[in-house]
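Before any comments, here is the structure.
The values are calculated or read from the model by the stated rules, or taken from the named source; none is laboratory data. Note that the structure is predicted; figures quoted are calculated from it, not measured. Counting neighbours? That spans all protein chains shown, and the Cβs are built from the backbone with ideal geometry, glycine included.
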Amino acid sequence: MRIIGGAHRGLALASVGKGDAAAHLRPTTDRVRESLFNLLAGGGHGPNPVPGAQVLDLFAGTGALGLEALSRGAARVSFVEKGDAAARLIRENIAKCRAQEITRLLRRDARRLGENSGAAHDLVFLDPPYGKALGEAALAAALDGGWIAPGALVVWEESVPPQLPAGLIPSGQRRYGDTWITLARVAEA
């Protein structure tokens, strides 16, 4: 696993090995990540949302999506991950990117975020364990807690096309093997 583009292009990230089934670590493949960021850069849903973005990476796993966004010009990333193995990988990957000053790791359940005390995020990556309906609960918690700004772009990775909660407007969808990427905008206030 490596950073695909931007300032850290080619940087090898910490290895998950064969994965961690107990921690539900299933990193987004390099090919899917590259396709996703190409889609964001020119996908017809408005200007590229990555440069200057405040990114929220829910169910962050290894942190690869958030770090890819940083490499491509995002301003800051908040990683939300409760698993011990994943948090170790995220910390290691943040250090590899020398991004400690522009990232934060929140060790909590993405479905129970609570109130956000900082700026709302305008780009959200959502990559929950497949087939467990955790994405809907995490999005609801993030919206209720003020974590997501009006007009924000949500990038949702799942094994099937998800049912978008109220307040999200579909913006596009692509299938990459057994992965569905759904793009949606948060309705303006």
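Annotations
- Number of the exception - residue 160 against (1) over 23 Å from residue 42 (Cα atoms); (2) under 15 Å from the mean Cα position of the chain (by Cα); (3) β-branched (Val, Ile, Thr): (2)
- Inspection of the stretch 171-178 finds no residue satisfying the criterion of being over 27 Å from residue 72 (Cβ atoms) and modelled with pLDDT under 90.
Yes/no per residue for (1) over 26 Å from residue 170 (Cα atoms); (2) out of contact with any strand residue (DSSP E or B) (no Cβ under 9 Å at 6 or more places or on another chain); (3) of a type outside the set (Gly, Ala, Ser):
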position	(1), (2), (3)
57	no, no, yes
69	no, no, no
76	no, no, yes
81	no, no, yes
90	yes, no, yes
109	no, no, yes
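- Enumeration of residues in the stretch 139-154 that are surrounded by fewer than 17 Cβ atoms within 10 Å (Cβ to Cβ) and in a helix (DSSP H, G or I): 140, 144
- Output for the stretch 155-177, where each listed residue is of a type in the set (A, V, I, L, M, F, W, C), more than 15 Å from residue 36 (Cβ to Cβ) and either in contact with a helix residue (DSSP H, G or I) (Cβ under 8 Å, 6 or more places away or on another chain) or assigned to a strand (DSSP E or B) (or both): 168, 169
- Of the residues in the stretch 79-96, at least one is under 29 Å from residue 177 (Cα atoms), in a strand (DSSP E or B), among the aromatic types (Phe, Trp, Tyr) and in contact (Cβ under 8 Å) with a residue 24 or more places away in the chain.
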